[in-house]
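Asker: Once you've had a glance at the structure underneath, I'll fire off some questions.
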Amino acid sequence: MRYYEALGLEPRLALDAGDLQKRFYDRSRQWHPDRFSTRPAAEQRTALEMTALINDAFRTLRDPAARAEYVLSENGLEASAQRGKDVPADLLEEVLELNMALEEADGAQVARSLGQFESMLAGVDGQLAGLFAAWDAAPSAGRLEPVRAALNRRKYIANLVRDARKTLETARET
Amino acid sequence: MFAIDFGKPKNEVVVGIDLGTTNSLVAAMGPSAPFIIPGPDGDPLVPSVVTALPNGDFLVGNPARRALVTHPRRTVYSVKRLMGRGAADIAEERKLLPFKMGEGSESVIQIELGTRTFTPPVISGIILRRLKQNAEEHLGEPVTKAVITVPAYFNDAQRQATKDAGRIAGLEVLRLVNEPTAAALAYGLDKRKEGIVAVYDLGGGTFDISILRLQDGIFEVLATGGDTRLGGDDIDNLLLRVALEDIASEWGEDLTKNLEAVQLLRRAVIEAKHALSVLPRTNVVLEYRDRRYARELTRDVFNRLVLPIVERTLAPCRQAMADAGVTTGQIDEVVLVGGSTRVPLLREAVERLFRAKPHCELNPDQVVALGAAVQASILSGQQTDKLLLDVTPLSLGIETMGGLVSRIIQRNSTIPASATETFTTAVEGQTNVLIHVVQGEREMVKDCRSLARFDLKGIAPMPAGMPRIEVRFLIDANGILQVSAREQRTGLEQSVEVKPSYGLSDEQVEAMILESIERAEDDFAERQVREMRVEADNVMQAVEKAKQSDAWFERPEDERESVNRALNELLVVYHGDDHTLIRVKIEALDEATRPLAETIMNSAVNTALKGTKI
């Protein structure tokens, strides 16, 4: 997987943020086009390509969700293909409640719902961490399926949290 | 044994240039610190003003600024606001800049100065060339390479236009650097090993905010935001409008259309603005045609006027902090850049927002150029302990079905950045695919800025959906897009034809390179012919118009005949290359039409007199 190779990493779902940043800086120092501006054109081109790859890799891998999606797609599992089906039925009641609160601009209820969904998000993140560790210990397609399900659930909740926050923010500003 | 050091070939100097809306500067790296190179007049600032004189020469900088009053129709300023823009998106600027826009301004503005027309990159090129000459004179060696700064929030077309300006001036632009990032470099903030820094940059015409993380000599931009139509110019225009209204009610005369008076008044309000940064009150004074206008302006009133402008800068600041994922408490230092940050109200607002006392030890007019010189020394390999990692300010997207934008590179991605998309055909035998690339954060194509249309050509005819063309979008370290395409099955490079939505083609830039323009200018005779033709155009147009009037038919037959003869004779010599002959024929035509002109004049006077009687 190119993004992992670019930063000199083994393909793992769980990564240490500090280590990742250090690798990013080290490789940027080595490959950034600024270091090659007095070099021949061919070397400049290589530096440009390498740095673009390093930047793309760091941008993707530093975000756990984007990282997992990358690993899924590299293993032939498109996260988005399953998205619609994986919307969790058990959330229906809470989602309806939030939507109603958003529609009625009921600030207090939106805030309550937001709290609920934020703790759910933390829950999914915890679940993901466990699934990441499991896949890292013994990578297999079977262990990626639950990652995909959890990821889609996470995305769904994250969108709700984002909308609720936005509503509260605009309410506060006006 | 000892090694003989033949010495490395002396590194060619790379200068740093701040190509500003109001002023431009050039700087170079000294043994320990960067320094500003002043012009021959000793002024470190070269006002970004250009006058095109009738003889083909240009005034640049302070002389041009003085010419704003004497040659308002031949002088242009704040041209940076026009870079990379088309006629449709400069409605705002048109209100502020009293220049005449020529034909064909849809994708590149054509600025008419006297009888000639210039694009914004050429005007900027003329300013850059002056800076280049100043540097050469001061350093005593040729200068051909430069780092030029741009507002962080400049889009692709604005960046490309700046790069074109460099080329037009005969400079190889090694890098475009974002102004706030350059300022951070100049402050040497990397001396504090780690921290989060906000750079607030309000210049003459643009506003930028950048949030950076500093660590071990790396300047990593986390997020940037801004407004490319907000700056000190807006304060000037506001004050100017108020003063014009005030004068209109005091003198009973509207000076708005009087360019000379407007430029004098503009100068007066700018002086008042500067004074109010240090004094609690001052006077706006205009002396014009034996009349004197004077109005006291207090800082309180000034503050009330500019408050909306200050507030407009705060939303991008909050957005940038959110994008960077930092809160006010995490900002360790704030840096102020740009002449407009001298306004005390603005300093207070910034201090309140970031809850940190802003840095302003370095001259806010000079700090960007100094930083550009530091970056120049990094690029030439003199400094290896620092590195800038900048971001793209706007998301890149492609048009999909229904006029929607599919985002492929998010804003605030570290550059260089890339994205790959696969395209195919919709009908059997289709041999080309058109891709429309836009920049912006909105969901509809019409709300984003069109960047370019790419035509993938020469696709082998196949059933629909069979070809798989992989297109790679790469934003380089200058923030400029490059596109390449490959047919996936064959691995063959696909030809991509680019039609930029705004800006000049490579060939157009080539034709505008100042040296070639100048060679044409040297051909004095040719220019005289050109100018005489313009005069002939004017005269012939006036005569044609007169021939439509009633007065024409009142003139005797032989007189009308002699006018027609004179007109024909002028037409005959018009396309020749003898300017004196054209002049002689213009004069003959003038003579022949004199009685006609008098008749028209008289009838106009009579109508006017009649009008007053009723």
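Asker: With charges only on Cβ, +1 for K and R and -1 for D and E, what is the dipole size of the stretch A:79-173 about its Cα centre, in debye, rounded to 20?
Answerer: 460
Asker: Over what distance in Å are the Cα centres of the stretch B:305-381 and the stretch B:38-74 separated?
Answerer: Measuring centre to centre over Cα atoms gives 30 Å.
Asker: From Cα coordinates alone, what are the radius of gyration and Dmax values for the stretch B:232-306 in angstrom?
Answerer: Taking only Cα atoms of the stretch B:232-306, I get Rg and Dmax of 11.7, 33 Å.
Asker: Quick check on the stretch B:106-167: take the gyration tensor over C-alpha atoms, sort the square-rooted eigenvalues as a ≥ b ≥ c, and tell me if it's rounded (a/c under 1.5), prolate or oblate.
Answerer: Since a/c reaches 1.5 but b/c is at least a/b, the shape of the stretch B:106-167 is classed as oblate.
Asker: Note down the magnitude of the dipole of chain B about its Cα centre, charges +1 on Lys and Arg C-beta and -1 on Asp and Glu C-beta and zero elsewhere, to the nearest 20 debye.
Answerer: 1480
Asker: Quick one: Debye curve from the C-alpha atoms of the stretch B:4-110, no solvent, what's log10 I(q)/I(0) at q = 0.19 Å⁻¹?
Answerer: -1.03
Asker: What translational diffusion coefficient, in µm²/s and rounded to a whole number, does the Stokes-Einstein relation yield for the stretch A:79-173 at 37 °C and a viscosity of 0.692 mPa s, taking the hydrodynamic radius as the Kirkwood radius over Cα pairs?
Answerer: 228
Asker: Positive end of the charge dipole of the protein assembly as shown (Lys, Arg +1 and Asp, Glu -1 on Cβ, about the Cα centre): tell me which of B:MET401, B:ALA551, B:THR115 has its Cα farthest that way.
Answerer: The residue sitting most towards the positive pole is B:MET401.
Asker: Hey, what does the equivalent ellipsoid look like for the stretch B:396-504, semi-axes from the Cα gyration tensor as sqrt of 5 times each eigenvalue, largest first, whole Å?
Answerer: Equivalent ellipsoid semi-axes, largest first: 24, 16, 12 Å.
Asker: Compute the helix-to-body angle for A:64-74: its Cα long axis versus the longest principal axis of chain A, expressed 0 to 90° and rounded to tens.
Answerer: The helix A:64-74 is inclined about 70 degrees to chain A.
Asker: What are the DSSP H helices in chain B that stretch 15 Å or more along their long axis, judged by alpha-carbon atoms, and whose average Kyte-Doolittle hydropathy comes to at least 1.6? Provide the component values of the computation, followed by the final result.
Answerer: On the way: long enough: B:120-139 (28 Å, -0.18); B:156-168 (18 Å, -1.39); B:232-251 (28 Å, 0.05); B:259-276 (25 Å, 0.48); B:299-324 (36 Å, 0.13); B:344-354 (16 Å, 0.24); B:367-379 (18 Å, 2.09); B:524-546 (33 Å, -0.64); B:557-574 (26 Å, -0.54); B:579-592 (20 Å, 0.11); B:594-613 (29 Å, -0.21).
Span-like helices, by this rule, are B:367-379.
Asker: Another question about this same structure. Going by how many other beta carbons lie within 10 Å of each one, how would you line up B:SER406, B:SER413, fewest first?
Answerer: The fewest-first ordering by Cβ neighbours comes to B:SER406, B:SER413.
Asker: My understanding is that a pair violates if its Cα-Cα distance is over 28 Å; which of B:LYS446/B:LYS499; B:LYS95/B:LYS499; B:LYS357/B:LYS386; B:LYS95/B:LYS357 do that in this structure?
Answerer: The answer is B:LYS95/B:LYS499; B:LYS95/B:LYS357.
Asker: Give me the net charge for the shell around B:PRO280: Cβ to Cβ below 10 angstrom, other residues only, Lys and Arg +1, Asp and Glu -1. Let's see the in-between values first.
Answerer: Working: positive: B:ARG281, B:ARG299; negative: B:ASP300.
Spelling it out: positives minus negatives among the neighbours equals +1.
Asker: Let me check I've understood the local charge: for B:THR144, count other residues with C-beta under 9 angstrom from its C-beta, Lys and Arg +1, Asp and Glu -1. What total comes out? Intermediate results must be reported in sequence, preceding the final value.
Answerer: On the way: positive: B:LYS132, B:LYS145; negative: B:GLU12, B:GLU172.
Around B:THR144, the charge tally is 0.
Asker: Provide the net charge surrounding B:SER107, with neighbours chosen by a C-beta distance below 15 Å and charges set as Lys +1, Arg +1, Asp -1, Glu -1.
Answerer: After counting each charged neighbour, the total is -3.
Asker: Grab every C-alpha pair in chain A, bin the distances at 10 angstrom width from 0 up to the longest one, and report whole percents.
Answerer: The distribution over chain A is 9, 29, 25, 21, 12, 3, 0, given as percents.
Asker: What relative contact order, as a whole-number percentage, does the stretch A:2-62 give when Cα pairs under 8 Å and 6 or more residues apart are counted?
Answerer: Relative CO of the stretch A:2-62 lands at 48 percent.
Asker: Another question, then. How would you rank B:PHE473, B:PHE35, B:PHE118, going from fewest to most other Cβ atoms within 10 Å of each one's own Cβ?
Answerer: Listed from fewest to most nearby Cβ atoms, that is B:PHE35, B:PHE473, B:PHE118.
Asker: Continuing with this model, one more query. Enter the angle in degrees (range 0 to 90, nearest 10) between the Cα long axis of helix A:17-31 and the first principal axis of the Cα atoms of chain A, meaning the one along which they spread out most.
Answerer: 30
Asker: How large are Rg and Dmax for the protein assembly as shown when only the alpha carbon atoms are used, in Å?
Answerer: 31.4, 110
Asker: Within the stretch B:159-265, which GluC sites (Glu not before Pro) sit in a loop by DSSP and count at most 14 neighbouring Cβ atoms inside 10 Å?
Answerer: Loop-located and lightly packed - B:GLU253.
Asker: Another question, then. Along the charge dipole of chain B, which of B:GLY86, B:GLY140, B:ALA324 sits closest to the positive end, that is, farthest toward it, with unit charges on the beta carbon of Lys, Arg, Asp and Glu (+1, +1, -1, -1)?
Answerer: B:ALA324
Asker: Moving to a separate point now. Before anything else, pin down the relative contact order of the stretch B:40-142: Cα pairs under 8 Å, at least 6 apart, normalised by residue count, whole percent.
Answerer: Rounded, it is 24 percent for the stretch B:40-142.
Asker: How high is the relative contact order of chain B, given as a whole-number percent (alpha carbon pairs under 8 Å, six or more residues apart)?
Answerer: 13
Asker: Strictly greater than 45 Å: what percent of every Cα pair in chain B meets that?
Answerer: Roughly 30 percent, rounded to a whole number.
Asker: Could you line up B:MET466, B:MET401, A:MET50, B:MET321 from fewest to most neighbouring Cβ atoms inside 10 Å? The partial results should precede the final answer.
Answerer: Values: B:MET466 14, B:MET401 6, A:MET50 19, B:MET321 23.
Fewest-to-most Cβ neighbours within 10 Å comes out as B:MET401, B:MET466, A:MET50, B:MET321.
Asker: With unit charges on the beta carbons (Lys and Arg positive, Asp and Glu negative) and the dipole taken about the Cα centre of chain B, which residue among B:ASN432, B:VAL471, B:PRO416 sits farthest to the positive side?
Answerer: My answer, from the dipole projection, is B:PRO416.
Asker: Now a separate question. Under the rule a/c < 1.5 gives rounded, and otherwise a/b versus b/c splits prolate from oblate, where does the stretch B:419-570 land using the Cα gyration tensor?
Answerer: Cα axes put the stretch B:419-570 in the prolate bin.
Asker: Could you please state, rounded to a whole Å, how far the C-alpha centre of the stretch A:111-173 is from the C-alpha centre of the stretch B:95-143?
Answerer: So the two Cα centres are separated by 54 Å.
Asker: Kindly express, to the nearest 10 degrees and within the range 0 to 90, the angle between helix A:92-103's C-alpha long axis and the longest C-alpha principal axis of chain A.
Answerer: 80
Asker: If I histogram all Cα-Cα distances within the stretch A:2-62 using bins 10 Å wide from 0, what percent of pairs lands in each bin?
Answerer: 24, 50, 21, 5
Asker: While we're here: In the calculated pair distance distribution of the stretch B:40-160, what percentage of Cα-Cα distances lie above 24 Å?
Answerer: On the way: 2144 of 7260 pairs.
Summing the P(r) of the stretch B:40-160 above 24 Å gives 30 percent of all pairs.
We did not get these values from a lab; they are worked out from the coordinates using the rules stated. Worth saying up front: this structure is predicted, and the values here are computed from it rather than measured. Methodologically, a virtual Cβ is constructed for each residue, glycine included, from the backbone with ideal geometry; neighbour enumeration extends over all protein chains shown.
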